[in-house]
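Notes to accompany the following structure.
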Amino acid sequence: MAEINSLGYVGLGVSDLDQWQWFATEILGLQVGQRDAQGMSLRMDEHQQRIFLEENSNDDLLVAGWQFKTEQALEEYVAELRDKGAEVTTVPSQTLQRRKVEKAYACQDPNGFTHEFFFGPHVAQLRDPFRSKVLKRGFVCGELGVGHILPFAKAGKGEQTLSFYKDVLKLRVSDYIREEIMPGLLVDATFFHTASGRHHSIATAENPMATKTLNHFMLQVEDLDDVGLAYDRTVKAGISVALELGHHPNDRMFSFYARTPSGFNFEIGWGGVVIDENDWEVRSYSQMSDWGHKRNQIA
């Protein structure tokens with residue numbers, strides 16, 4: 001049975017492309033691949049595009065792009081989606097050029113953003129390797145994909161969202177975290193992985209108070225020092241830190257969270273788990289962090 005291999009790209013709608021270009025290169029350590037009047041491509045590895053930005057006043061998540069290893073796997077998966085009653089459309093050639101992929105299909109999430117399913121990412125030439133202005137090493141990307149995203153489920157759509165991810169998209173449950181992070185505010189989060197095994201490529205939790213769909217995206221670095229260096233750059237630039245340095249019990253990621261120019265968060269992490277299906281037990285945790293991640297008022 002065909003299934004998603006990885007989270008291959010993420011699309012964000014942002015209101016200030018100039019601020020994002022500075023932020024992406026000087027704080028996150030990404031590389032600008034291309035910029036034009038419509039938006040910007042950002043690189044993390046040999047792919048020509050891992051994150052794309054489109055000028056959009058919503059400042060929120062637009063697209064989750066799910067990668068398949070072969071065209072046949074993609075076509076089989078899309079046929080399954082349609083058999084389940086999902087409304088799947090073919091991504092037109094002009095959009096494929098902007099996504100920098102060979103073929104893609106799309107359907108809507110219950111919470112207002114788009115899932116795209118693709119194969120054939122465009123790869124940069126050998127003479128144009130990924131270069132970061134600030135990273136000591138690089139990102140953990142490649143076969144594992146971009147990293148992860150946590151989009152909120154809208155009020156009353158928690159169960160529908162979980163069913164969509166599990167039963168329609170066929171994402172695999174990694175584990176759960178249920179914690180009262182402040183009096184009266186319970187976080188009930190579910191984490192999902194793909195065939196690649198990254199602990200989670202997407203997670204979700206219902207939050208009726210959320211003003212944006214996207215809570216955060218995570219980028220994982222190869223070197224522990226790059227977490228600390230990114231934290232120092234963030235603080236020096238006066239960017240609001242949402243969660244201080246800390247460690248998650250489920251994916252075992254050492255990380256911190258801070259604000260993007262669009263108001264949702266980013267997470268920079270190191271040491272995340274890659275799941276082996278033959279040796280993995282789905283568990284439920286009672287806390288988001290087993291040490292650190294001190295929550296500031298803006299979180």
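Kindly provide the set of residues from segment 92-109 that are within 21 Å of D59 (Cβ to Cβ) and touching a Phe, Trp or Tyr at 6+ places or on another chain (Cβ under 8 Å), ordered by number.
R98, R99, D109
Mind listing whichever residues of segment 22-32 are free of Cβ contacts under 8 Å to residues at least 60 places away in the same chain and buried (at least 18 other Cβ atoms within 10 Å of the Cβ)?
Of everything in segment 22-32, just one residue is free of Cβ contacts under 8 Å to residues at least 60 places away in the same chain and buried (at least 18 other Cβ atoms within 10 Å of the Cβ), namely A24.
Please enumerate the residues belonging to segment 211-224 that are over 18 Å from L162 (Cα atoms), part of a strand (DSSP E or B) and among the polar types (S, T, N, Q).
Selection gives Q220 alone.
Scan (1) open to solvent by less than 30 Å² (accessible area, probe 1.4 Å); (2) touching a Ser or Thr at 6+ places or on another chain (Cβ under 7 Å); (3) without any contact (Cβ under 8 Å) to a residue 60 or more places away in the chain for the single condition S255 breaks and write down its number.
Exception for S255: condition (2).
Residues that are in contact (Cβ under 8 Å) with a residue 24 or more places away in the chain and touching a Lys or Arg at 6+ places or on another chain (Cβ under 8 Å): find the strands (runs of 3 or more DSSP E) completely inside segment 128-210 holding 3 or more of those.
Strands (runs of 3 or more DSSP E) meeting the threshold: 172-182, 185-193.
Which one is nearest to S132 (Cα to Cα), of the residues in segment 33-48 that are open to solvent by less than 60 Å² (accessible area, probe 1.4 Å) and in a strand (DSSP E or B)?
If we take residues in segment 33-48 being open to solvent by less than 60 Å² (accessible area, probe 1.4 Å) and in a strand (DSSP E or B), then R43 is nearest to S132 (Cα to Cα).
What pairs can you find where one residue is in segment 82-106 and at negative phi, the other is outside any strand (DSSP E or B) and open to solvent by 50 Å² or more (accessible area, probe 1.4 Å), and their Cβ atoms are less than 6 Å apart, with a gap of 6+ or different chains?
Every condition considered, the pairs that remain are V88/R82.
Write out, first by first residue and then by second, each pair whose Cβ atoms fall under 8 Å of each other, whose residues are 6+ apart or on separate chains, and whose first residue, in segment 216-241, is under 27 Å from G13 (Cβ atoms) while the second is at pLDDT below 95.
Matching pairs, first to second residue: S240/N296; S240/I298; V241/N296.
Looking only at residues in segment 153-209 that are farther than 15 Å from D109 by Cβ, within 17 Å of the chain's Cα centre (by Cα) and among the hydrophobic types (A, V, I, L, M, F, W, C), which one is most open to solvent (accessible area, probe 1.4 Å)?
The extreme case among them is A195.
The values are calculated or read from the model by the stated rules, or taken from the named source; none is laboratory data. On a predicted model such as this, the values are computed, not experimentally measured, just so you know. Note that each Cβ is placed from the backbone with ideal geometry, even for glycine, and that neighbours are counted across all protein chains shown. For the accessible areas, the whole protein counts, side chains as well, though only heavy atoms, and no ligand, DNA or RNA atoms are used. Shrake-Rupley method; radii C 1.70, N 1.55, O 1.52, S 1.80 Å.
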